[in-house]
1. Among residues other than Q133 whose Cβ falls under 12 Å from its Cβ, what is the net charge (Lys/Arg +1, Asp/Glu -1)?
2. Calculate how steeply helix 154-172 sits against the longest principal axis of the alpha-carbon atoms of the chain, using the helix alpha-carbon long axis, and give the answer as 0 to 90 degrees to the nearest 10.
3. Return a whole-number percent for the relative contact order of the stretch 72-123, with Cα pairs under 8 Å and 6 or more residues apart as the contact set.
4. May I have the convex hull volume per residue, in Å³, for the Cα set of the stretch 35-80?
5. At I50 and L143, where each label point lies 7 Å from the Cα along Cα→Cβ, what is the point-to-point distance in nanometres?
6. Could you state the number of Å between the C-alpha centres of the stretch 1-52 and the stretch 87-117?
7. Between helix 3-27 and the chain, what is the angle of the helix's C-alpha long axis to the longest principal axis, kept within 0 to 90° and rounded to the nearest 10?
8. Give me the Kirkwood hydrodynamic radius of the stretch 49-175 in Å, from all C-alpha pairs, to one decimal place?
Amino acid sequence: MSTQTTNNVAAAEHNRTVALRWIDAFNARDDAAEAAARTTDYVAHAPESIQTAALDSDAWVEFLGVFLEGFPDLHLEVLDSSADEAMVAQRILFTGTHTGTFRGLPPTGRKVRFSGLEINRMVDGRVAEHWFQLDAVTLFEQLGLRVVPGPRLLPRLLASAVTRLLGKQRRAVPS
């Protein structure tokens, strides 16, 4: 193995370790360690369904605060990760109990378990940029919320159901 390959493997493993420690700091509610894992110009990108603007470090802390207010025991478990010298990707399992207000929803006491994916761009052994997706549909369903089709989709859903029903009736009626 060449020296460059060895250096790349070492950098990838270091980045993976830093990303895991960042999750560990969050789980321990160690704000200083969580902040130290991020660069000073850190930017996070949340799914547009829950946050449209990019988040700097201060906005990231506020964003996390919304989740922690609703789920004070929120715990992240890294199920899988992959890293290279510049990026770390992780598959995350989120678990917690809805004992506080979450995005206007009063506490339900329900336990939640949902998955997410994140990609971290690493610079000098710290997280510089963070993208993540989470299974919001599963989260909301576990909180007792249902996704309801909007006014543009509802007629199409009804038409599809009627078409299927009429098709079944035609097959059932002998000619």
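1. Numbers: positive: R91; negative: E48, E118, D135.
Net charge around Q133: -2.
2. So the helix axis and the longest Cα principal axis differ by about 50 degrees.
3. Values: 100 pairs, mean separation 19.3, N = 52.
Rounded, it is 37 percent for the stretch 72-123.
4. Details: hull volume 5.1 nm³, N = 46.
Here the figure is 111 Å³ per residue.
5. Going from the I50 label point to the L143 one covers 0.9 nm.
6. 20
7. Taking Cα atoms only, the helix is inclined about 70 degrees.
8. Hydrodynamic radius (Kirkwood, Cα only) of the stretch 49-175 equals 18.0 Å.
Every number in this text was worked out from the coordinates using simple rules, so none of it is lab data. What you see is a predicted model; the values in this text were computed from it and never measured. Glycine gets a Cβ as well: all are built from the backbone with ideal geometry, and neighbour counts include every protein chain shown.
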